[in-house]
Amino acid sequence: MLQTAIRLADEEGIEKLSMRRLGVGLGVEAMSLYNHVSNKEDLLNGMIDALYSEIELPSHDDDWKTALRKRSVSVRDVLLRHPWANGLMDSGTSPGPGTLRHHDRVLGTFRNGGFSLAMTAHAFSALDSYVYGYAKQEKALPFDTEEQAAVMASAMLAQLPASEYPYLYELMGKHVLRPGYNYADEFSFGLDLVLDALERERDLEGAD
């Protein structure tokens with residue numbers, strides 16, 4: 001049931017998902033679904049918990065930075081597959097075992113990596129703000145491929161007076177249109193900046 005609900009949300013959008021629509025997708029009467037979930041909120045909580053189970057948990061075999069880098073990449077991948085979930089992942093009032101296991105492991109990775117309790121809270125918030133924010137921005141872009149980005153940049157350049165918008169013109173002409181440009185590569189650059197900054201803050205706190 002949850003996988004069917006997730007598929008429908010992926011294909012049609014979360015706003016169109018209803019108990020009636022899910023019943024049709026499953027080939028059952030909508031009322032029979034209430035034997036499994038109490039209401040749509042309960043259904044959403046179950047869907048979100050299933051998505052958390054798709055995220056790669058930080059491994060205790062890796063150092064904290066490597067482990068959280070892999071986990072952050074995995075979170076982004078999940079959000080790209082299920083963009084409707086961005087904004088809902090931490091909004092539930094009854095988190096399931098997948099959600100709780102994920103959060104506990106991330107917290108434990110920071111703590112075992114030498115972060116104080118307060119710095120762990122700061123670091124978790126900062127890291128996820130970047131990951132979720134980037135995924136949302138990436139999904140909103142009007143292009144998906146390198147070729148589409150080049151077409152868009154070329155069209156913009158043709159309409160941009162270089163003398164009026166010199167820096168935008170420079171970015172489009174000399175960066176976006178360069179061979180091999182891929183906006184997705186920006187994620188790794190920003191992620192490493194965040195992780196390196198968190199490491200510096202941890203070390204500074206330890207030095208006090």
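Any read-out appearing in this document is the output of simple, stated calculations on the displayed coordinates, not a laboratory observation. Fair warning: this is a prediction, and the values are worked out from it, not measured in the lab. Positions of Cβ are backbone-derived with ideal geometry, glycine not excepted, and every protein chain shown enters the neighbour counts.
Here are the numbers:
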item	result
Qualifying residue in the range 142-157 (condition: part of a helix (DSSP H, G or I), aliphatic (A, V, I, L, M) and touching a Ser or Thr at 6+ places or on another chain (Cβ under 6 Å))	no
Candidates 104, 62, 77, filtered to the one that is free of Cβ contacts under 8 Å to residues at least 24 places away in the same chain, in a loop (DSSP other than H, G, I, E, B) and surrounded by fewer than 21 Cβ atoms within 10 Å (Cβ to Cβ)	62
Residue tally, condition more than 23 Å from residue 9 (Cα to Cα) and in contact with a helix residue (DSSP H, G or I) (Cβ under 8 Å, 6 or more places away or on another chain), over the range 62-102	8
Hits in the range 80-101 - residues which are assigned to a loop (DSSP other than H, G, I, E, B) and among the charged types (D, E, K, R)	90
Of all residues making up the range 22-69, the number that are β-branched (Val, Ile, Thr) and within 22 Å of residue 80 (Cβ to Cβ)	3
Residue among 167, 181 that is of a type in the set (Phe, Trp, Tyr) and in a loop (DSSP other than H, G, I, E, B)	181
Helices (runs of 4 or more DSSP H) completely within the range 1-59 that count 1 or more residues being among the aromatic types (Phe, Trp, Tyr)	40-52
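Each row is one residue, and each column tells you yes or no for (1) in contact with a strand residue (DSSP E or B) (Cβ under 9 Å, 6 or more places away or on another chain); (2) in contact (Cβ under 8 Å) with a residue 24 or more places away in the chain; (3) within 28 Å of residue 78 (Cβ to Cβ).
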position	(1), (2), (3)
134	no, yes, yes
141	no, yes, yes
148	no, no, yes
163	no, no, no
174	no, no, no
